[in-house]
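The values are calculated or read from the model by the stated rules, or taken from the named source; none is laboratory data. Quick caveat: nothing in here was measured; it's all calculated off a predicted structure. A quick note on method: Cβ atoms are made from the backbone with ideal geometry, for glycine too, and the neighbour counts reach across all protein chains shown. To get the accessible areas, we keep the full protein, side chains included, count just its heavy atoms, and leave off ligands, DNA and RNA. Shrake-Rupley method; radii C 1.70, N 1.55, O 1.52, S 1.80 Å.
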Amino acid sequence: MTRGTLGKILLAALALALAAAFFGFGFDKYLTLSFLKQSREALATAYAAAPARFLAGYFGLYVLVAALSLPGATVLTLAGGALFGFWTTLVVVSFASTLGATAACALARTLFRQAIARRLTGKLKAIDDGIRREGAFYLFTLRLIPLFPFFVVNAAMGLTAMPLRTFYAVSQIGMLPGTAVYVNAGAQLGRLDSLAGIVSPTLLVSFALLGVFPLAARKAVALARARRARNARKGPTTRGETS
């Protein structure tokens, strides 16, 4: 057995062990809106007692959830907004989610290539076609518009030849607007002092953004694609006129 093969086996064992521990210790039960509601005061107290340590733990948990495609990322985002406020959560979640996504892409590329290829045959072809047509811009559109689930994009991109640094950079930028919308919703929830606050204009606008954002993003992508197509058609003409 080569050192590379042994390393892959150990890495796969570690990933499976972490996923098993996540469910075995019942962490999935904590990443729910009901638990967040019940434990809001206790979490706020723990954060106030040791802000840096609490944020570091939150960051690490988010990376783990994203890297292993575990349930709870949305709840973590809303909880962060409620506990830490908008800007702190936006920075932490943006980097944690992108690092986790890149780790998931790397795992798919090095460990689970054959298994993922079998399970994502149809989706993989669509993503492959998109990458062939548009390159990194297609990944940007997938990050901006959730045509496929988060974990599917990470896994499928692991089977392409896209460099991880490109995957990271595009994901960091493409996921930022959607992350901001969810963090803002969580921050508004964190300001609720009573049930009357549910009908406050700021909270209603925040949740309206959750529904409107995908439509607005789809329109923006369509306009960008139309502009790219026009520029592509003008290119040869312009060169011909110049020569």
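Listing for the model above:
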item	result
Candidate set from the stretch 27-56 (those that are modelled with pLDDT under 95 and not in a helix (DSSP H, G or I)); member that is farthest from the chain's Cα centre (by Cα)	Thr32
Segments classed as helices (runs of 4 or more DSSP H), wholly inside the stretch 57-160, with at least 2 members that are within 12 Å of the chain's Cα centre (by Cα)	73-84, 86-110, 136-144, 150-157
Where a residue in the stretch 163-182 is touching a residue at least 12 places away in the same chain (Cβ under 8 Å) and assigned to a helix (DSSP H, G or I) and its partner, wherever it lies, is of a type in the set (Lys, Arg) and open to solvent by 20 Å² or more (accessible area, probe 1.4 Å), with Cβ under 6 Å and at least six apart	Ser171/Arg143; Gly174/Arg143; Met175/Arg143
Among (1) buried (at least 19 other Cβ atoms within 10 Å of the Cβ); (2) at pLDDT below 95 - the single one Gly100 does not satisfy	(2)
Test: residue in the stretch 118-134 that is of a type in the set (Val, Ile, Thr), surrounded by 19 or more Cβ atoms within 10 Å (Cβ to Cβ) and in contact (Cβ under 8 Å) with a residue 40 or more places away in the chain	no
Pair list, Cβ < 7 Å and 6+ apart or interchain, from the stretch 20-35 residues that are acidic (Asp, Glu) to residues that are part of a helix (DSSP H, G or I) and surrounded by 14 or more Cβ atoms within 10 Å (Cβ to Cβ)	Asp28/Phe22
Residues that are in contact with a Gly (Cβ under 7 Å, 6 or more places away or on another chain) and surrounded by fewer than 21 Cβ atoms within 10 Å (Cβ to Cβ), drawn from the stretch 81-91	none
Scope the stretch 30-39; condition of a type outside the set (Ser, Thr, Tyr) and open to solvent by 90 Å² or more (accessible area, probe 1.4 Å); matching residues	Leu33, Lys37, Gln38
Filter result for the condition that a residue is of a type in the set (Phe, Trp, Tyr) and surrounded by 20 or more Cβ atoms within 10 Å (Cβ to Cβ), over Phe151, Phe112, Phe167	Phe167
